[in-house]
Amino acid sequence: MLFIGRNDLEKANWYLQMAVLDENLATETRAEWFYELSIVSMAIGNHCEAINFAREAKANRNDYGKAYIALGDAFIAARRQLGDDFQQQSAYWAAADMYQVAAKVDPALAEESTQKLASCAAQYPSSEDIFFHDLQEGNDYLVSGCIQENTTIRSRN
């Protein structure tokens, strides 16, 4: 992670992408490096790429709480690519789901997850907005764009 330390994120991104292709790489190491790729991609501003890498990290190690945190953070960062305000707010539902899983699989992340969940809940759409979009709290909802995550409709009130 020399290039991350030097803040040469483009080079770090390239080397990490090459490294995860190694077929002999231990699964846990691959998960960690995909997580690092997600963090680097977020720093570069490639939010959709960060989502893909965080998903790869959790696919390689489904108990890797930091990967779920990174995925939630990437969902929130990618929300601007969605349509109207309501669609952008829906990203917070998907992010909250990831933060809940992070706390469940890694209790050491419970405090951070709780803080992030509270921040998400404050950004949920109102009950009225949900109603005016002809939706109902508790129903399933597919967040669009590069997020492509099924979640549950929730309101902030």
What is the Cα centroid distance between the stretch 29-50 and the stretch 80-157, reported in whole angstrom?
21 Å
Computed [θ] at 222 nm, deg cm²/dmol, the chain (DSSP H ≥ 4; -39,500 (n - 2.57); rounded to nearest 500):
-20000 deg cm²/dmol
Among all the aspartates and glutamates, which ones have a C-alpha under 15 Å from Lys11's C-alpha, if same-chain residues fewer than 8 places away are not counted?
Glu36
Once Lys and Arg get +1 and Asp and Glu get -1 on their Cβ, which of Ala12, His47, Leu142 lies farthest toward the positive end of the dipole of the chain?
Ala12
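Distances longer than 21 Å among the Cα atoms of the chain: what percent of all pairs is that? Mind dumping the intermediate values first?
Working: 5743 of 12246 pairs.
Here the tail beyond 21 Å accounts for 47 percent of pairs.
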Shape of the stretch 5-79 from its Cα gyration tensor (a ≥ b ≥ c, root eigenvalues): rounded if a/c is under 1.5, otherwise prolate when a/b > b/c, or oblate?
oblate
List Phe75, Phe86 from most exposed to least, where exposure is judged by having the fewest other Cβ atoms within 10 Å.
Phe86, Phe75
Dipole size in debye (nearest 20) for the chain around its Cα centre, Lys and Arg Cβ +1, Asp and Glu Cβ -1?
220 debye
In whole Hz, the Karplus estimates of ³J(HN,Hα) for the stretch 49-57 (6.51, -1.76, 1.60; θ = phi - 60°; x where Gly or Pro) are 5, 4, 4, 4, 5, 5, 5, 5, 4
³J(HN,Hα) computed for each position of the stretch 149-154 - Karplus, 6.51 cos²θ - 1.76 cosθ + 1.60, integer Hz, glycine/proline x:
10, 7, 8, 10, 6, 9
Here the cysteines of the chain without any disulfide-compatible Cβ partner under 4.7 Å are Cys120
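Read-outs: derived from the displayed coordinates by stated rules, not from any lab. Worth saying up front: this structure is predicted, and the values here are computed from it rather than measured. Heads up, the Cβs are rebuilt from the backbone with ideal geometry, glycines too, and the neighbour counts pull from every protein chain shown.
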